[in-house]
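Right, one structure below, let's go through it.
The values are calculated or read from the model by the stated rules, or taken from the named source; none is laboratory data. Predicted, not measured: the structure shown is a model, and the values here were computed from it. Don't worry about glycine lacking a Cβ; one is built from the backbone with ideal geometry, like all the others, and counts go over all protein chains shown.
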Amino acid sequence: MTEPLPANVRAFVEAQPVGILATTRPDGSIRQSLVYHVLDGDRIEISTLGSRAKARDVARIGRASYCVPAHERPFASVTLEGPARIVTEGAGAITTALFGKIFGTPPDPPLTDEAVAAMDRVILELTVARAYGASYLPED
């Protein structure tokens with residue numbers, strides 16, 4: 001990204017637990033799925049099964065788009081897009097944080113990279129190259 005995420009976009013994305021991930025199917029059509037995320041710098045981190053179609057799409061194409069909506073009126077939102085990849089290093093810590101969002105409390109003890117690999121979990125990492133379509137976000 002040429003510029004870091006604006007503070008209001010960063011705060012909004014961090015405050016929302018889920019978003020809609022869009023990837024490209026082999027036939028060129030779009031696949032969407034609701035996922036939990038963690039924002040790490042200018043990267044959206046998503047834990048998923050390595051066998052899921054979204055993981056295969058990202059491994060094949062290397063790009064993704066992510067729309068983060070608010071869940072109350074006036075339904076603010078922002079779309080983030082950029083290069084994406086599948087990573088396994090650090091997957092334990094990221095999956096621990098995401099499971100904390102999903103279930104309300106993180107696993108204890110925290111998951112290790114080996115434990116999430118045994119579950120076939122990987123991290124789908126989207127590096128934000130562009131943030132656009134922001135609506136109803138508080139100003140910086």
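Which pairs do you get when a residue that is in contact (Cβ under 8 Å) with a residue 40 or more places away in the chain, found in region 82-101, comes within reach of a residue that is buried (at least 19 other Cβ atoms within 10 Å of the Cβ) and part of a loop (DSSP other than H, G, I, E, B), reach meaning Cβ atoms under 7 angstrom, with the pair 6+ apart or on two chains?
82/128; 95/111
Only one of 60, 31 is surrounded by fewer than 18 Cβ atoms within 10 Å (Cβ to Cβ), touching a Ser or Thr at 6+ places or on another chain (Cβ under 7 Å), of a type in the set (D, E, K, R) and modelled with pLDDT of 95 or more; which?
Answer to the check: 31.
Looking at residue 50 and the list (1) among the small types (Gly, Ala, Ser); (2) farther than 19 Å from residue 97 by Cα; (3) more than 12 Å from the chain's Cα centre (by Cα), which single condition is not satisfied?
(2)
Please specify each residue of region 94-130 satisfying the condition of being farther than 23 Å from residue 22 by Cβ, assigned to a loop (DSSP other than H, G, I, E, B) and small (Gly, Ala, Ser).
104
Please state which of the following conditions residue 73 fails to meet, knowing it meets all the rest: (1) over 17 Å from the mean Cα position of the chain (by Cα); (2) closer than 23 Å to residue 31 by Cβ.
So the condition that residue 73 fails would be (2).
Looking at (1) closer than 14 Å to residue 20 by Cα; (2) buried (at least 17 other Cβ atoms within 10 Å of the Cβ), which is the only condition residue 91 fails?
The one condition residue 91 does not meet is (1).
Consider residue 133 carefully, then state whether it is in a strand (DSSP E or B) and surrounded by fewer than 14 Cβ atoms within 10 Å (Cβ to Cβ).
So residue 133 passes the test.
Among the listed residues 47, 29, 77, which satisfies the condition of being more than 14 Å from residue 124 (Cβ to Cβ) and either without any contact (Cβ under 8 Å) to a residue 12 or more places away in the chain or touching a helix residue (DSSP H, G or I) at 6+ places or on another chain (Cβ under 6 Å) (or both)?
That would be 29, the only listed residue that is more than 14 Å from residue 124 (Cβ to Cβ) and either without any contact (Cβ under 8 Å) to a residue 12 or more places away in the chain or touching a helix residue (DSSP H, G or I) at 6+ places or on another chain (Cβ under 6 Å) (or both).
Given the structure, is residue 5 of a type in the set (A, V, I, L, M, F, W, C), over 28 Å from residue 108 (Cα atoms) and outside any strand (DSSP E or B)?
Here the answer is yes, as residue 5 does meet what is asked.
Of all residues in region 94-127 being of a type in the set (Asp, Glu) and surrounded by 14 or more Cβ atoms within 10 Å (Cβ to Cβ), which is nearest to residue 43 (Cα to Cα)?
125
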